[in-house]
Amino acid sequence: MRKFGLIGKKLGHSFSKKYFTDKFAHEGITDASYELFELPEIAAVKELLRQEPELVGLNVTIPYKEVVIPLLDELDEAAAGIGAVNTIRISQGRTKGYNTDYLGFKATLEAFYPPAQRGPALVLGTGGAAKAVWAALDALAVPYTVVSRVPAQGRLSYAELTPALVKAHPLLVNTTPLGMAPNAGTSPPIPYEGISKGHYVYDLVYNPEQTLLLQQSAMAGAKTMNGALMLYRQADEAWKIWNP
């Protein structure tokens, strides 16, 4: 029996177990299972691999996409460039990290954000998911500005955002967990009055389907999208990596 799974700190929000369990049932895959592994700290992944010798593939979620890298034996070239890993292949006791978030975001953004409308973007957040988003925007030649809680060179803090700045960036991408269940009452602290019908707002959060960010953006007339399609795409890409 081949075993796959997801590692993260808190996994109550995860869709992965249901997605892969349904996939196995639908496609008649009887030699595989998918489990959730909540780890109090990333160093525990070494013990997990010792305890679960049948593991051949792992997904990685918040907050371990960056800190897992030093614990891996090898890194895919694209993941090394991005600086974050969300998929691990385990073969003959060796681990190799990949980034399928990049593939999932790039493909879904291309369908959501028409080339003729591709003005600059604001990317909210600086974590592992953000790094995949930055790489995809670079690949699509979409200029972007990063927004973080802490001011830094080349970035804006939330306090520096103005309605005019938001208006000047027709694409907004939220890579933070703000708005994710069970904290669905939260949202990024941006000046929502700057959002208009010319905006495209992509929230990587998928649970709930309509975050406060998406609700408020839709009320302003913006086109909105959650992270569900990206998740499906990155999961399918992970499956390809695990089954070359």
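Read-outs: derived from the displayed coordinates by stated rules, not from any lab. Small disclaimer: the values here were computed from a predicted structure and weren't measured. We place every Cβ from the backbone using ideal geometry, glycine too, and count neighbours over all the protein chains shown.
Between Glu77 and Tyr158, how high is the FRET efficiency from 1/(1 + (r/R0)^6) when r is the Cβ-Cβ distance and R₀ = 25 Å? Nearest 0.05. Numbers along the way, then the final one.
Values: r = 34 Å, r/R0 = 1.35.
Step by step, r from the Cβ atoms, then E = 0.15.
Determine, from the Cβ-Cβ distance of Phe112 and His26 and an R0 of 35 Å, the FRET efficiency 1/(1 + (r/R0)^6), rounded to the nearest 0.05.
The value I calculate is 0.85.
Tell me, Lys223, Lys131, Lys240 in order of fewest to most beta-carbon neighbours within 10 Å?
On the way: Lys223 18, Lys131 23, Lys240 12.
Ascending number of Cβ neighbours within 10 Å: Lys240, Lys223, Lys131.
Stretched out fully, how many nm does the piece from Thr186 to Thr145 gain, at 0.36 nm a residue minus the Cα gap? Show your work: numbers first, answer last.
Values: separation 41, 0.36 × 41 = 14.76 nm, distance 2.23 nm.
Answer, rounded to one decimal: 12.5 nm.
Quick one: length gained pulling Glu38 to Ser196 fully straight, 0.36 nm per residue minus the C-alpha distance?
Numbers: separation 158, 0.36 × 158 = 56.88 nm, distance 3.98 nm.
Additional length available on full extension: 52.9 nm.
With 10 angstrom as the radius, rank Asp31, Asp138, Asp203, Asp76 by how many other C-beta atoms surround their C-beta, starting from the fewest.
Values: Asp31 7, Asp138 13, Asp203 27, Asp76 18.
Listed from fewest to most nearby Cβ atoms, that is Asp31, Asp138, Asp76, Asp203.
Can you give the charge dipole size of the chain about its Cα centre, rounded to the nearest 20 debye, using +1 on the beta carbon of Lys and Arg and -1 on the beta carbon of Asp and Glu? Spell out each step's value before the answer.
Details: 23 positive and 23 negative charges, 62 e Å.
Charge dipole of the chain: 300 debye, to the nearest 20.
For a label point 7 angstrom out from the Cα of Ile241 toward its Cβ, which stretches of region 99-127 have the backbone nitrogen within less than 20 Å?
Taking a point 7 Å out along Cα→Cβ of Ile241, the residues of region 99-127 whose backbone N falls under 20 Å are 99-110, 126-127.
Using the 10 angstrom Cβ neighbour count as an exposure proxy, how do Lys18, Lys65, Lys106 rank, fewest first?
Values: Lys18 10, Lys65 28, Lys106 19.
Sorted ascending by nearby Cβ count, the order is Lys18, Lys106, Lys65.
Gain in length, Phe15 to Gln51, computed as 0.36 nm per residue apart minus the alpha-carbon separation, to one decimal in nm? Provide the component values of the computation, followed by the final result.
On the way: separation 36, 0.36 × 36 = 12.96 nm, distance 2.39 nm.
In short, 10.6 nm is gained.
Measure off 7 Å from each Cα along the Cα-to-Cβ vector at Glu209 and Lys167, then give the distance between these two points in nanometres to one decimal.
My value for the distance between the label points is 3.3 nm.
Taking the Cα centroid of region 33-59 and of region 147-197, what is the distance between the two, rounded to the nearest whole Å?
34 Å
Just to be sure I understand the curve: with the Debye formula and one point per C-alpha of region 137-178, what is log10 I(q)/I(0) at q = 0.22, 0.27, 0.33 Å⁻¹?
-0.86, -1.17, -1.27
Less than 28 Å apart at the alpha-carbon level, and either on another chain or at least 8 residues along: which lysines does that give for Lys17?
Filter leaves Lys3, Lys9, Lys46, Lys65, Lys96, Lys106, Lys131, Lys240.
Over region 205-244, what portion of Cα pair distances is larger than 13 Å, expressed as a whole percent? Intermediate results must be reported in sequence, preceding the final value.
Details: 456 of 780 pairs.
When all Cα pairs of region 205-244 are counted, 58 percent exceed 13 Å.
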